[in-house]
1. Just need the relative contact order of region B:251-334 here, percent rounded to a whole number, with Cα pairs under 8 Å and 6+ apart.
2. So for A:105, B:493, fewest C-beta neighbours within 10 Å to most, what's the order?
3. At 7 Å along the Cα-to-beta-carbon direction for both residue A:149 and residue B:203, put a label point, then send me their distance in nm to one decimal.
4. Sort out for me the Cα centre separation of region B:258-321 from region B:530-592, rounded to whole Å.
5. Evaluate the Kirkwood expression for the hydrodynamic radius of region A:78-134, namely the inverse of the mean inverse distance over all pairs of different C-alpha atoms, and round to one decimal in Å.
6. Which value, to two decimals, describes the C-alpha radius of gyration of region B:371-485 once divided by 2.2 N^0.38 Å?
7. Using only the alpha carbons, work out the radius of gyration and Dmax of region B:1-157 in angstrom.
8. May I ask you to order B:421-433, B:118-130 by the average number of other C-beta atoms within 10 Å around their residues, highest value first?
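Since every read-out is calculated from the coordinates, none of them should be taken as a lab result. Every value quoted in this text rests on a predicted model; they were computed, and no experiment measured them. Cβ atoms come from the backbone with ideal geometry, glycine included; neighbour counts cover every protein chain shown.
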């Protein structure tokens, strides 16, 4: 489900007014609201992963960007990963491709299918993520690693021994996701459905 | 007090919104519009596809953060559903809004919708798009005195929209709650955006005497305008001197034509595509077109169309689109080199038309342009003594619309235009570079909202047409002959916002208590007729017949069935619409007048 973001005061006032009217005049809405009220107590505001307090409602208004905040979600729920799979399936048929047995097909068939997957997934990836090489040098170039280099972003391979600084050859530039924004989930949504079955009527 | 200046591009295929804070740096920024991109998935994108989807009951609500109960979806998801459930989706509402022979306030869309859908009018569809953008804006800025409804809002319309289509656009905006509204023509918005992008440097590129031709080819429509730069009291002034006809021809037609060509190749190989595959073929062709026309080093682009089932391998049809095919289909098909006296053919074409909308029957943008320039040859007044001028002579070209991003199309258009100009003894026109073609209209509309507050240069122009009421002569009926009609000018060409035309001397008789209709005409070339001019005859290409106008005099104080002599008074409102009122010669009370309805359903 969606993350619980604090609403600005003006929105809450407007929403309270709306709820009042609808509870009074819309029996179905009143029943649903009653049900929600009983079924789930509001969870406490969760701290962000680095331990800072949750964002204040004012945050959005100070932001320069006119775009809304991307969905932020607690790590480990898996919804984000499912959503990404669903996105790559929707735009580039990735799940279809990986689920099919490739062995019995000719390279020409694989090539034709790969074009569909590549074009769609590439477009989706570019629209939702910003991916850049970890190292700017060309592969094959000699690079120096000073003491205290980040072992997360650079992996030593080959004859690994001794103390930094190291001199070596860049074999792979690495990739870093500078940004990943997934669509925000609204309404009833089951992240486990990567692609709905399609039934054509008529 | 407004806190933002807002420009909205209400397009045939896409909408966009740009906003500038009046407290900050006044820089128009394009808004990321939150919209459903798939079921239950919301994303902010700068373009809002102009599609509206009526969800079936089984699908439940199409929740938005600001309305969990919404039953319709607007934007990218609606467009996607247009492929797999087309009868539930409205597309091209704007073309219906300017359709002269349907009742544009009646629930007619989607065409052929199933019974569970309560159809809506073209006006309401436009209203829903504006409403979505307003709600999106408010969800980011908190509503209240920052609510979009309370800001200075400029909504763009094609320059070729007639008075009725403009009024219907205003109705849609008012229904969406917009209080402070102004209309602006899209080509003018493109020029404002270019001026904004150039900064002060624009004055070096446009000089007194220049005639800027704005060529706007969007997804669904093609629109031409000419803007004249003149020196007045030592300062540069821009005056829009001519607009073209409404042409339903755009990038979508080009993609369809390519898909048609590629589909034939697949058929020749025995691969038959179903309707959904056809739609993905059109997408693939659009992407291939952009690559081929955007990069001269690419010789061909592979096109692969997947089958609909979950099997991809072995079920994907593959072919390719070569550079030669793309150039032949798009450049030669839509931008052929033609002479300046070439005119669009009216032969019906297959593959480019869809039931209901009056699509252009000739796909050649160059022939439509030749027609525009020839019709407007006298837009700057008569040529100097002893010279001949068969065309309006632009000195500069500003491109707008996504289609014109392709360099080969720009080059072909400029080459063709300059050929005509050379043959007519004029200097070649140059291209005004540096325009952003996707968001120029929204940005330019926002810039215009700022101009109206006194920041920057304003393009003048007034109404793009003169308007006439048809008066039937009282002659004995002759079988097979229509009674002769004369046309009385009620609103002259170039009336500016907030002005009123003098009252014409001729009277019309209106029957009390029943709606009375008059034939109505517009002219984009007769620029010197003052209000009251009576035309006994005219050339068929001078006046276009518009949907009739209608006035109903209430019976209070008069006897039903009496004929009351009235005169028609016209004014252009601050919003930018034409207001016609019938004023009785013998009023029963002070300032007695009745509003004349412009957009009455035509006789179809």
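1. Once normalised by length, the contact order is 32 percent.
2. Exposure proxy ranking, most exposed first: A:105, B:493.
3. 5.6
4. Centre-to-centre (Cα) distance: 55 Å.
5. One over the average 1/r among Cα pairs gives 12.3 Å for region A:78-134.
6. Details: Rg = 21.1 Å, N = 115, 2.2 N^0.38 = 13.4 Å.
Scaled against compact globular proteins, the figure is 1.58.
7. Looking at region B:1-157, its Cα Rg and Dmax stand at 15.8, 51 Å.
8. B:118-130, B:421-433
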